[in-house]
1. Could you say whether any residue in segment A:293-301 is buried (at least 19 other Cβ atoms within 10 Å of the Cβ) and at positive phi?
2. Run B:P305 past the list (1) open to solvent by 20 Å² or more (accessible area, probe 1.4 Å); (2) modelled with pLDDT of 95 or more and report the number of the one that doesn't hold.
3. Filter segment A:328-359 for residues that are of a type outside the set (D, E) and touching a Gly at 6+ places or on another chain (Cβ under 8 Å); which is farthest from the other protein chains (Cβ to nearest Cβ)?
4. Suppose we filter segment A:84-96 for residues that are charged (D, E, K, R) and within 11 Å of chain B (Cβ to nearest Cβ); how many remain?
5. Can you name the residue in segment A:360-371 that is assigned to a loop (DSSP other than H, G, I, E, B) and either among the hydrophobic types (A, V, I, L, M, F, W, C) or within 12 Å of chain B (Cβ to nearest Cβ) (or both) and, of all such residues, is nearest to A:V25 (Cα to Cα)?
6. Residues of segment A:338-365 being under 17 Å from the mean Cα position of the chain (by Cα) and in contact (Cβ under 8 Å) with a residue 60 or more places away in the chain, which ones?
7. If I filter segment A:189-211 for residues that are assigned to a loop (DSSP other than H, G, I, E, B) and out of contact with any Lys or Arg (no Cβ under 6 Å at 6 or more places or on another chain), do I get at least one hit?
8. Could you go through segment A:154-174 and let me know if any residue there is within 14 Å of chain B (Cβ to nearest Cβ), under 23 Å from the mean Cα position of the chain (by Cα) and open to solvent by less than 40 Å² (accessible area, probe 1.4 Å).
2 protein chains.
Amino acid sequence: MEGQKCLGISKGDLDTPCLVIDEEVLEQNIRVMQAHVKNFGKQLRPHAKTHKCSQIAGRQMAAGCVGICVAKVSEAEVLVEKGFREILITSPLGADSKIQRFLDCVARAPELMGVVDSPAGACRLNEAGEGRSQPINVLVDLDPGMGRTGIPFQEALDLGIHIHRLPSLRLRGVQCYAGHVQHIPSFQEREKTSLDWMHQAADIFHKFRESGLPGEIFTGSGTGTFDIDCRIPELTDLQTGSYTLMDAEYLNIGSSLDPFRFVQFPPALTLLTTVISANHPDFVTVDAGLKALYHHGATPTVIQPPGSSLTYEWWGDEHGRIRTNQGGRKPMVGEVIELAVSHCDPTVNLFDSFHIIRDGILTDIWPIDMRGRCQ
Amino acid sequence: MEGQKCLGISKGDLDTPCLVIDEEVLEQNIRVMQAHVKNFGKQLRPHAKTHKCSQIAGRQMAAGCVGICVAKVSEAEVLVEKGFREILITSPLGADSKIQRFLDCVARAPELMGVVDSPAGACRLNEAGEGRSQPINVLVDLDPGMGRTGIPFQEALDLGIHIHRLPSLRLRGVQCYAGHVQHIPSFQEREKTSLDWMHQAADIFHKFRESGLPGEIFTGSGTGTFDIDCRIPELTDLQTGSYTLMDAEYLNIGSSLDPFRFVQFPPALTLLTTVISANHPDFVTVDAGLKALYHHGATPTVIQPPGSSLTYEWWGDEHGRIRTNQGGRKPMVGEVIELAVSHCDPTVNLFDSFHIIRDGILTDIWPIDMRGRCQ
């Protein structure tokens, strides 16, 4: 579907494979999360790496968010270009060329923040920032036992003291994101594990303040622990991302309300796919494979036709297989199937736009303007 | 890296993650495959779904290919726009909207061919094509026991006769692509399986000719069976795709020259990634995760630094882990690692451009102009 020329057509007439967003569900999810953090006296700093769409980030800011998180500098470049200012890049930078791109963003958006997870990384950023009129905002990235990025807890205070002495940097606080905890299926186990790590991070945050270091910000958490980590008094803001769109991976874990389903945020994002071959009694072939549904996380689940016993299986780069189970009706060639997507973040990154649906009608097309921005 | 402004810089100075192509290896792979099929009296109709790049397709045509294959209509639209005419879309179409897009391509490129795998599909295409001045070129898509697309062998002749009677369609021959055979690790087993299916397809092709049906084209095969299927006398052209770029998935299967390695086509495509965190003794974190290296097929393998014992592991959407094994040197923050990619087709589909390298220097940037074209 090109441009805006198709607005007003029915969802079922969209060319496939394509991503669609139910605008009412998206608005509800944004509203529910915002009310939740407000209820706990927290702020929201949602992660845009999930949706990669500045129009959704704009709606999140309009709902009252304190800022937007991105994973990479190239994503921040898009948001800066669109006029966003309160941006946090949640990964350390690496190469000198990346530090330069980061500083080019800071020149246009001085409020932009980065994270640092080593004394050497702090020194490199400090040197690169010499001669600037304003210091660069940074957080100490804490490692909650995952080892991916972040400094181990026991070395964090020393890093904070080190950064505080560097003239080009302005220490604002800490980040602690426990990515390995978010999808633990059992809510009780997730709760125990997350609280354990986040309490340790809170201790570091206390030590920062006791040592006279700036401790304005303690940012972290994700959709899987949104109603767990808010019980940590020291946490100032949550970095939840997937709650906007949701996916089969999150929907299939337990929550505080249901031991087997994550029910607080219904899926706003789905994928439409069309049957292209139906020469066999028990299955048909659809036009969405690895390149349209990222092969990671839970298997996509059939939402439309509703109540059906149809199941999806990946079947190569270009195709999927829809099995008819329990003697159910077999879809026909040309029929459209709607799926809750597998892992939403990398699946969104496969497409250029979201098709926005309200009451079954296409009302808008939003560019996924941070798609492919992995640098 | 934006636009052409960085041409002339060293490969190691490219911002990461990014895809690079060694132009000499690419040219060699194109040349070797072309010479191979010529040696067997065949033609080459390479699949562009691997590289999704019209500049590579142009080089393939310049080398003597008879046409270019694509998987989807939206890919064909790009090639038609670029002036390509001999295009084969290797998947059946499905929805009416897709048939219309297909016919819009045919209007500009009457040589374009589609495939049909059911009598109903043939009738729909025939009706949609009524009133056109020229008939639509089609092949019968044969199912080599995989069931994904294609008509079972025993029904194929009847479908051919059916199509031959339809006034808007012009039957050209058959397609038989055994996707499930291409990555069988043992060369001998792959050889036996592929020859079995392709001989059966050849029998159908004979029956077409014996029945007075047009039998100009018998197209099929892939990189994994490039030196197997060419022994089928009836096969007119090969649809190999991955041989251009190659990936860890293909490199790790046996070949006619080595029981454990596919040695005929070295990897022209690699991915550069940078160390961003190094707080642990046995591993470092790099900036390429699920969104830069598609999590499918074989694990990416470290090519640079050469001879190292480093191994790559996926570590979430944005990051990877490089393990130092056997006490090898640990890479430093900012250091660039070069990897043979996992499954090349979906990995290429994550990026907007290839960085073309000759003698270690960036000589060009080629848009991956069919990226995201999964419709």
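1. Yes - at least one qualifying residue is present in segment A:293-301.
2. B:P305 satisfies all of (1) open to solvent by 20 Å² or more (accessible area, probe 1.4 Å); (2) modelled with pLDDT of 95 or more except (2).
3. So, considering only residues that are of a type outside the set (D, E) and touching a Gly at 6+ places or on another chain (Cβ under 8 Å), the one farthest from the other protein chains (Cβ to nearest Cβ) is A:S342.
4. Looking only at that region, the number is 1.
5. The qualifying residue nearest to A:V25 (Cα to Cα) is A:I368.
6. Across segment A:338-365, the qualifying residues are A:A340, A:V341, A:S342, A:H343, A:C344, A:D345, A:T347, A:V348, A:N349, A:F351, A:S353, A:F354.
7. yes
8. The answer is no, given that none of the residues of segment A:154-174 is within 14 Å of chain B (Cβ to nearest Cβ), under 23 Å from the mean Cα position of the chain (by Cα) and open to solvent by less than 40 Å² (accessible area, probe 1.4 Å).
The values are calculated or read from the model by the stated rules, or taken from the named source; none is laboratory data. Being a predicted model, the structure only gives us computed values, none of them experimental. Reconstructed Cβ throughout: ideal geometry from the backbone, glycine too, with neighbour counts over all protein chains shown. Surface areas here come from the heavy atoms of the whole protein model, side chains and all, with no ligands, DNA or RNA. Shrake-Rupley method; radii C 1.70, N 1.55, O 1.52, S 1.80 Å.
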